[in-house]
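No lab work stands behind these numbers, since they all come straight from the coordinates. This is a predicted model, so every value here is computed, not measured. We place every Cβ from the backbone using ideal geometry, glycine too, and count neighbours over all the protein chains shown.
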Amino acid sequence: MKFFIDTANLDQIRDAQELGVLDGVTTNPSLMAKEGITGKNNILKHYVDICNIVDGDVSAEVIATDLEGMISEGESLSELHEQIVVKVPMIRDGVKALKYFADKGIRTNCTLVFSPGQALLAAKAGATYVSPFIGRLDDISTDGLNLISEIRHIYDNYGYETEILAASIRHTMHIIDCAKVGADVMTGPLSAIEGLLKHPLTDIGLAKFLADYKKGN
Ligand code: E4P
């Protein structure tokens, strides 16, 4: 399973990269705004800064919602850095844009996916990644994890190569659950990734090993 971090915070991206398990980064306009990154030029520079920290894919979202605008923005974003993956919303013109980018060899991440039908369309259009938002489904009392299972089933039926990028991960158990049902990638906050580390028996066991070592030395 690939691990992406879902943030535009450079310190957190560095921390995750230093942990040695980071495969990429996802961002969105809200995450950029949260870090105070505003204005087109600052946002573009921030994408390059992120690419210079991590080795893997960095999703950069288009703002346009019409086909022409998405194509123009997506092409500029993809030229920024070889690690950039163009993030395109699951809307009618977005599907057309996904197909256009696939034909041109530009990698994409289809975002704001909330149903198996949307995921099927994204795969048909040739998206590199599809991003089902599981936390936001859980927020409205719908089983987000079930969506990941349904998409896995559909993609496996037909051998679609689009990678299932479980997004809107909110906590550590979301990561475990997505791994169990076969998500290819998860993107979540640093806290959820670091949660994987923790177990009280590890801490107790280590303390005992160190204490016993000291007794003999
Ligand atoms: C995915 O690429 C999105 O940036 C993200 O996972 C959204 O998560 P949220 O629902 O916690 O905002």
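The residues in the stretch 111-129 that are farther than 13 Å from Ile91 by Cα and within 11 Å of the ligand (Cβ to nearest atom) can be counted, and the count is 1.
Checking the condition in contact (Cβ under 8 Å) with a residue 24 or more places away in the chain, over 22 Å from Ile193 (Cα atoms) and away from the ligand (no atom under 13 Å from the Cβ), which residue from Ile43, Ile63, Ile53 passes? Don't jump to the end; show me each part of the working.
On the way: Ile43 fails: in contact (Cβ under 8 Å) with a residue 24 or more places away in the chain; Ile53 fails: over 22 Å from Ile193 (Cα atoms).
None of the other options fit; the residue is Ile63.
Within the stretch 90-110, being within 19 Å of Leu44 (Cβ to Cβ) and within 16 Å of the ligand (Cβ to nearest atom) holds for Arg107, Thr108, Asn109. Of all residues in the stretch 1-28, those satisfying the criterion of being more than 12 Å from Ser59 (Cβ to Cβ) and not charged (D, E, K, R) are Met1, Phe3, Asn9, Leu10, Gln12, Ile13, Ala16, Gln17, Leu19, Gly20, Val21, Leu22. Going by the structure shown, is Ser72 touching a Lys or Arg at 6+ places or on another chain (Cβ under 8 Å), assigned to a helix (DSSP H, G or I) and more than 16 Å from the ligand (Cβ to nearest atom)? It is false that Ser72 is touching a Lys or Arg at 6+ places or on another chain (Cβ under 8 Å), assigned to a helix (DSSP H, G or I) and more than 16 Å from the ligand (Cβ to nearest atom).
Selection of the stretch 20-67 for residues being within 20 Å of Ala97 (Cβ to Cβ) and either loosely packed, with under 15 Cβ neighbours inside 10 Å or aliphatic (A, V, I, L, M) (or both) yields Lys40, Ile43, Leu44, Val58, Ala60, Val62, Ile63, Ala64, Thr65, Asp66, Leu67. Remark: pairs (first residue in the stretch 153-167, part of a helix (DSSP H, G or I); second residue hydroxyl-bearing (Ser, Thr, Tyr) and away from the ligand (no atom under 16 Å from the Cβ); Cβ separation under 8 Å; 6+ apart in sequence or on different chains) = Ile154/Tyr160.
Would you check if Gln17 is in contact (Cβ under 8 Å) with a residue 12 or more places away in the chain, within 16 Å of the ligand (Cβ to nearest atom), surrounded by 15 or more Cβ atoms within 10 Å (Cβ to Cβ) and assigned to a helix (DSSP H, G or I)? If you could, list the steps in order and put the result at the bottom.
Details: in contact (Cβ under 8 Å) with a residue 12 or more places away in the chain: yes; within 16 Å of the ligand (Cβ to nearest atom): no; surrounded by 15 or more Cβ atoms within 10 Å (Cβ to Cβ): yes; assigned to a helix (DSSP H, G or I): yes.
It is false that Gln17 is in contact (Cβ under 8 Å) with a residue 12 or more places away in the chain, within 16 Å of the ligand (Cβ to nearest atom), surrounded by 15 or more Cβ atoms within 10 Å (Cβ to Cβ) and assigned to a helix (DSSP H, G or I).
The residues of the stretch 121-146 that are of a type in the set (A, V, I, L, M), within 17 Å of Val185 (Cα to Cα) and surrounded by fewer than 24 Cβ atoms within 10 Å (Cβ to Cβ), listed by number, are Ala123, Leu145. Can you find a residue that is in contact with a helix residue (DSSP H, G or I) (Cβ under 9 Å, 6 or more places away or on another chain), part of a helix (DSSP H, G or I), more than 16 Å from the ligand (Cβ to nearest atom) and within 20 Å of Ile71 (Cα to Cα) anywhere in the stretch 140-151? The answer is no; no qualifying residue exists. So, of the residues in the stretch 109-120 that are buried (at least 24 other Cβ atoms within 10 Å of the Cβ) and of a type outside the set (A, V, I, L, M, F, W, C), which turns out to be farthest from Val185 (Cα to Cα)? Only one residue tops the list, namely Thr111.
Ser168 passes every criterion in (1) surrounded by fewer than 17 Cβ atoms within 10 Å (Cβ to Cβ); (2) at positive phi apart from (1). Only one entry in Leu201, Leu197 is free of Cβ contacts under 8 Å to residues at least 60 places away in the same chain and in a helix (DSSP H, G or I), namely Leu201.
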